[in-house]
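Following: one structure in structure tokens, then a few remarks.
Only the coordinates and a few stated rules stand behind these numbers; no lab work does. Computed from a prediction, not measured in an experiment: that's the story for all the values here. Neighbour counts run over all protein chains shown; Cβ positions are idealised from the backbone, glycine included.
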Amino acid sequence: MEICEFDSLENYELNYRHLAASLDHREKVLPPGEIAFLYSIQNRGVHPGTISLREFLFLTAFTSILAPQRAIEVGTLAGFSAAIIAAAIHRRQPDQRGVLVTTIDRNTHSVIEPDKPVGFQIPDIIPDLPDAVRVHSPANSSAIREFAKRDELQLVFIDADHQHPRPLLDLLRATPCVGTGGWILLHDIKLGTIGLKPGQAVQRVGPTATYGAEWLFDYWPFRKIAGGNIGAVQLPPRKSDIIPTALRLMTLPFEMSATSHARIRRALYACLAELP
């Protein structure tokens, strides 16, 4: 596992170069306007449910270095991260028109502010890119195939339900649409254990536990980069090589209500059967 954590805007360029080297893109330099944009976001203050400063620095840099044509996000909430990703893609592809990010959410309204629709922050963050983000709700990750062809994507960001094994299901649903060498970013890879002191016992898994993204990142046997509470996993050249890891993860206790276990397990097996 490689580690590349962003600690501040002051060190952003240094950390950017470090991450670029890790991604085998040493030639990449900061695009014009990136630092100014990030300072403007930092000065906005933190909105409830928004990813932290360190997280959106990592997310911006990763997107900027990878420079995909477009990306898909699973889990919209207020739309902050979708807007961040779209802005980073636009700086690399300034002449590209149309949708840069498709973000999918199972809710029509924000769970943080129920009177507002999911994605309500997007126009405030990127007012000059009114068509760059498409919000698709209500839907789940099975909708990815509606917006991407097989092997088309290079970047997917998963930040939806973190209860195990939903992040695994989201990843498996995205995998057929991710091309060779593509990356899937997972938010909250420390959510289950964050705040625990060294040596402190992990709480028992229960209906409110959220170890899904953490376990998925920890068990991932292929190339991965830890960026604090965001982890990036790279798909192997032969996607069916994921199957043993997925089956191992499926032996861990499911964290959601028992009434959904059979349905989720069937969906997982269906995804495994579709892996090339």
>> Within a 10 angstrom radius of the beta carbon, how do THR210, THR76 rank from fewest other beta carbons to most?
In response: THR210, THR76
>> Report the gain in length on full extension from GLU13 to ASP218: 0.36 nm times residue separation, minus Cα-Cα distance, nm rounded to one decimal.
In response: 71.0 nm
> Pick from ASN15, ASN43, ASN107: which residue has the top mean-square fluctuation in a GNM of the chain where Cα pairs under 10 Å get a spring?
Replying inline: ASN43
> Size of the range 33-118 along its principal axes in angstrom, Cα-based, largest extent first?
Replying inline: 35, 27, 17
> Counting DSSP beta bridges with both partners in the chain, what percentage is antiparallel, nearest 5?
Replying inline: 35 percent
>> Going 7 Å from the Cα of LEU275 along its beta-carbon direction, which residues of the range 211-235 have the amide nitrogen within less than 20 Å of the resulting point?
In response: 212-225, 231-235
> Between ASP131 and ARG26, what is the spin-label point distance in nm, taking each point 7 Å from the Cα along the Cα→C-beta axis?
Replying inline: 4.1 nm
> Just GLY228, GLY79, GLY212 to compare: in a GNM of the chain, with alpha carbon springs under 10 Å, which one fluctuates most?
Replying inline: GLY228
> Tell me, in nm to one decimal, what length is gained between ARG97 and LEU252 on full extension, where the rule is 0.36 nm per residue of separation less the Cα-Cα distance?
Replying inline: 51.4 nm
>> Let me test this: with uniform point scatterers at the alpha carbons of the chain, what is the Debye-based log₁₀ I(q)/I(0) at q = 0.12, 0.15 1/Å?
In response: -0.71, -1.16
> Which longest run of the chain has no exposed loop site in it, a site being GluC sites (Glu not before Pro) in a DSSP loop with at most 12 other beta carbons within 10 Å, and the site itself not part of the run?
Replying inline: 28-276
> When all alpha-carbon pairs of the range 1-79 are counted, what percent fall beyond 19 Å?
Replying inline: 39 percent
>> If the elastic network links every pair of Cα atoms under 10 Å, which of ARG248, ARG54, ARG166 fluctuates the most in the Gaussian network model of the chain?
In response: ARG248
>> Could you tell me the center-to-center distance, by alpha carbons, between the range 99-153 and the range 206-276 in angstrom?
In response: 23 Å
> Which of the listed residues, TYR211, ILE125, THR102, is farthest toward the dipole's positive end in the range 2-274, when Lys, Arg count +1 and Asp, Glu count -1 at the beta-carbon?
Replying inline: TYR211
